[in-house]
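The values are calculated or read from the model by the stated rules, or taken from the named source; none is laboratory data. Note that the structure is predicted; figures quoted are calculated from it, not measured. Using ideal geometry, Cβ is built from the backbone for each residue, glycine included, and neighbour counts are taken over all protein chains shown. The protein model used for the area step is the full one, side chains on, heavy atoms only, and it has no ligands, DNA or RNA in it. Shrake-Rupley method; radii C 1.70, N 1.55, O 1.52, S 1.80 Å.
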Amino acid sequence: MENKNLIKTENQQIITIAKERLSGNLSLPFLFKEYAFLPGFCDVHVHFREPGFSYKETVKTGSESAVAGGYTCVCTMPNLNPVPDGEENLSLQLSAIKKQNLLSVVPYGSITVGLKGEELSDMEKLSPSVVAFTDDGRGVQRGELMKRAMEKAKTLNKIIVAHCEDNSLLNGGYIHDGEYARAHGHKGISSQSEYVQVARDLELVAKTGCKYHVCHVSTKESVEILRQAKKSGLDVSCETAPHYLVLTDADLKEDGNYKMNPPLRSESDKNALIEGLLDGTIEMIATDHAPHSVEEKSRGLEKSLFGIVGLETAFPVLYTHLVKTGTLSLEQLSKLMSENPRKRFNLNKNAGITVFNLDKRYKIDPNDFYSMGRNTPFKDNRVFGECVLTMYEEKIVYKKR
C-alpha cells in the first residue's frame, strides 16, 4: 500500500509540474529526477489510413498512438480513398479528424488528381485546409508537371513536399541495392532512384522560387545535394526517419517488417544522415508511420507491403541510440522532433507537453501499441525512455496505463 501511495504521489507531482511548465511558458526540456519534460512532438509525415483503409488504422487509433508516443501534432498523408485532391474528398477526412482527434491533426492535399501524376489537384480550393501538398508514396515523374505544381504552390504560399523516386530506376527492387540483396538473391532499389529526383526538383525550385521539402531522405547523395542547395540560398528543407538513423541493410531479416520505402540503406548512408542532423542539413525527424495488417506484412521481403509504424517507438529508439550514446543531446533531439517541424510548416506553436521516464528500460512489444499496426522492425528491442504523460491544450490526452 505504501509503494502504491508513493507512485500516486509522484504521478501527481509530474502532472503538477507539467501544468506549471505549460501555464508559465517556461523553457523545455526540463529535468526532474528521472523525468524529462519536453514540448509535445510534431510529426509531419504520418499515415492514418482514414478514409478508405480503416482496417489498417483510423484517426482515433492513430491519434491514440501519437499521444502515447509524446506527439501533440501530426500531418496526415493523402494516399487515402478518396484521395484529398479536391474540397469534397478532403471534407471526408476533415470530418473524421473533427470527430476523433486527440491532438492537432492537419492533412496534406495531393499534388495530383488521384495521386496519378497526370494533372494537378484543385490546389487553390484545398489550400486553406491543408498544411502543404504532396503525392507521398509516389514521385511526380514528369518534371513539367512538378514545375507547374511548384509555381501554383508559390502563389498559395504553400510547401511542395516530395516523395523523391524515379520509377525508371527502380527495376523491380524492393530492398536496398546492397550487400544483403546480393547475398540473398533480392532485387535492389538503387540510391540513384532517390537522389536523381531530388536533384531534378532542386533545379525546378531554383527556377520557381517555391518552398520545398523532401520526405524521408535515406541516401548520402541526397544529403549532400540538399546541403549544397541550402548553401546556395534555396528555400528547402528535409526530414529523415528513426529507422534510417539506427538500422542499415546489414540488419535486414527475411521479414516483411523490415520493408519500407525508401529502404534501409548502407552504414555510410546512415552516417551521412547523422552528419546531416548535426550540421543542420536535415532539420527534422518524422516517423513515416505506416500501419498495415498482419497479413499484408507477413509475405516476406519481396511481397509484403512497404511501411512500418513508428509513433510509439520514435523517441525511445532515438533516445537510446543517439542521445545515450552521446551523438545528440536531449535538447537537440527535442528540437528535431518538435520545434523545427513546427517552425518550417507554420504549425500550432502551442506544443503542449510530454513527459518521459528516461531511466525506464523496457522491451518493445507491438502487442502493447495503441496503433492497429504491429509492423515494426524494433520488436523485442530493449530501449530507454517511456512516455508517462502527454498534455495538449492543457488537457491530459495520455497517461501511462
Condition met for Lys4 (surrounded by fewer than 23 Cβ atoms within 10 Å (Cβ to Cβ) and modelled with pLDDT under 95): yes
Subset of the stretch 27-73 (residues that are closer than 18 Å to Val131 by Cα, β-branched (Val, Ile, Thr) and either open to solvent by 10 Å² or more (accessible area, probe 1.4 Å) or in a strand (DSSP E or B) (or both)): Val44, Val46, Thr72
Any hit, the stretch 221-231, residues being closer than 16 Å to His45 by Cβ, hydroxyl-bearing (Ser, Thr, Tyr) and in contact with a His (Cβ under 9 Å, 6 or more places away or on another chain): no
Extreme residue, farthest from His216 (Cα to Cα), among residues of the stretch 315-371 that are of a type in the set (Val, Ile, Thr) and free of Cβ contacts under 8 Å to residues at least 40 places away in the same chain: Thr325
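Quick grid of which residues meet (1) aliphatic (A, V, I, L, M); (2) touching a Lys or Arg at 6+ places or on another chain (Cβ under 7 Å):
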position	(1), (2)
Lys324	no, no
Leu328	yes, no
Phe345	no, no
Lys349	no, yes
Phe356	no, no
Glu393	no, no
Scan of the stretch 347-365 for residues that are open to solvent by less than 30 Å² (accessible area, probe 1.4 Å) and touching an Asp or Glu at 6+ places or on another chain (Cβ under 9 Å), ordered by number: Ala351, Gly352, Phe356, Asn357, Leu358, Ile364
Among the residues listed as Glu224, Glu194, Glu239, the single one being of a type in the set (D, E, K, R) and more than 30 Å from Lys116 (Cβ to Cβ): Glu224
Wholly within the stretch 328-399, strands (runs of 3 or more DSSP E) carrying at least 3 residues that are more than 26 Å from Ile274 (Cβ to Cβ) and of a type outside the set (A, V, I, L, M, F, W, C): 395-399
Qualifying residues in the stretch 98-154 (those that are hydroxyl-bearing (Ser, Thr, Tyr) and in contact with a Pro (Cβ under 9 Å, 6 or more places away or on another chain)) - the one nearest to Thr76 (Cα to Cα): Tyr108
Inter-residue pairs, beta-carbon under 9 Å, first farther than 17 Å from Phe345 by Cα and among the acidic types (Asp, Glu) and in the stretch 107-129, second assigned to a loop (DSSP other than H, G, I, E, B) and open to solvent by less than 40 Å² (accessible area, probe 1.4 Å), 6+ apart: Asp122/Asp85; Asp122/Gly86
Hey, Glu50 within 16 Å of the chain's Cα centre (by Cα), charged (D, E, K, R) and modelled with pLDDT of 95 or more or not: no
Some residue of the stretch 235-242 being out of contact with any strand residue (DSSP E or B) (no Cβ under 9 Å at 6 or more places or on another chain) and under 29 Å from Gly300 (Cα atoms): no
Which numbered condition Asn350 misses (of (1) more than 25 Å from Cys215 (Cβ to Cβ); (2) among the polar types (S, T, N, Q); (3) more than 20 Å from the chain's Cα centre (by Cα)): (3)
